[in-house]
Amino acid sequence: MRTLRNLADRSVPLLLAVALAAAAPGAARAALIPCLSGFVSDSNGNPVANGALDFTISATGVRIITPGDNTDAFGFYTVCVLPNVYDVAFAPPPGTRLMGKIIPGVSLLADPGLELDVTLETGTVLSGVVRDAAGAPVGTVDLDVDRVSGGRIYTPGDSSDPVTGAYRVVVPDDLYRLRYEPPRGSRLRGVEMDSVTVAGDLQ
């Protein structure tokens, strides 16, 4: 009797494991979510490595967290998200002369998802240092770049350096309105420059 009881006791975990294994494929199918994949390159066809992607829900403007959303050494990326329609932003790595790009209304409502190759164009460097009235650098100042004719330029990484106050963005040549917004909680006032011509690198 002791032997039969022991065998019966041992059979319970075994049966449970079989039941779980049988349920796993169905559970995996239910958990599938669409993925956006593709290659990011420059205008010469060179891969853009270590570029970053951001996903914002088009209807609400809510940005979602997407771990592992950088391009690899070949410019390839793949990001899986919950089904929705997104504005997808592609940001080049810091220090390049490539401009970021936003593709609005990317529908990821179908399984398995979508393939999307993206080309980032070369632009003009607009850079400088933000300082207060005493000449001290001011960090984490947000820069907004708007065309005077209308429309905001996507400028990833456009906040001034927390220590040096330096900033650097890449934009197409045009006539712009620049807005420098100090960090929240500071007693500094923002600055607006209403007519700045960008036609070649500016510092």
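Enumerate the amide H contacts of SER58 below 5 Å, restricted to partners 5 or more residues apart or on another chain; note that Pro and chain-start residues carry no placed amide H.
VAL85, TYR86, ASP87
Note the full-extension length gain between GLU192 and ILE64 as 0.36 nm times their separation in residues minus their Cα-Cα distance, in nm to one decimal. List each step's numbers first, then the result.
Numbers: separation 128, 0.36 × 128 = 46.08 nm, distance 3.03 nm.
Result for the pair: 43.0 nm of gain on full extension.
Enumerate the amide H contacts of VAL118 below 5 Å, restricted to partners 5 or more residues apart or on another chain; note that Pro and chain-start residues carry no placed amide H.
Amide H neighbours of VAL118, under 5 Å, 5+ apart: PHE39, VAL40, SER41.
With every protein chain present, what is the per residue accessible area of the stretch 91-203 (1.4 Å probe, Å²)? Let's see the in-between values first.
Values: 6610 Å² over 113 residues.
That works out to 59 Å² per residue.
Can you sort ASP158, ASP117 by solvent-accessible area, 1.4 Å probe, largest first?
Working: ASP158 25, ASP117 110 Å².
Ranked list, largest accessible area first: ASP117, ASP158.
At a 1.4 Å probe radius, carbon and sulfur cover how many percent of the accessible area of the stretch 72-193? List each step's numbers first, then the result.
Values: 3730 of 6740 Å².
Summing carbon and sulfur atoms, their accessible area is 55 percent of the total for the stretch 72-193.
The values are calculated or read from the model by the stated rules, or taken from the named source; none is laboratory data. Just so we're clear, the structure is a prediction, and the values are computed from it rather than from any experiment. Just so you know, the surface numbers come from the protein's heavy atoms only, side chains and all, with ligands and any DNA or RNA stripped out. Shrake-Rupley method; radii C 1.70, N 1.55, O 1.52, S 1.80 Å.
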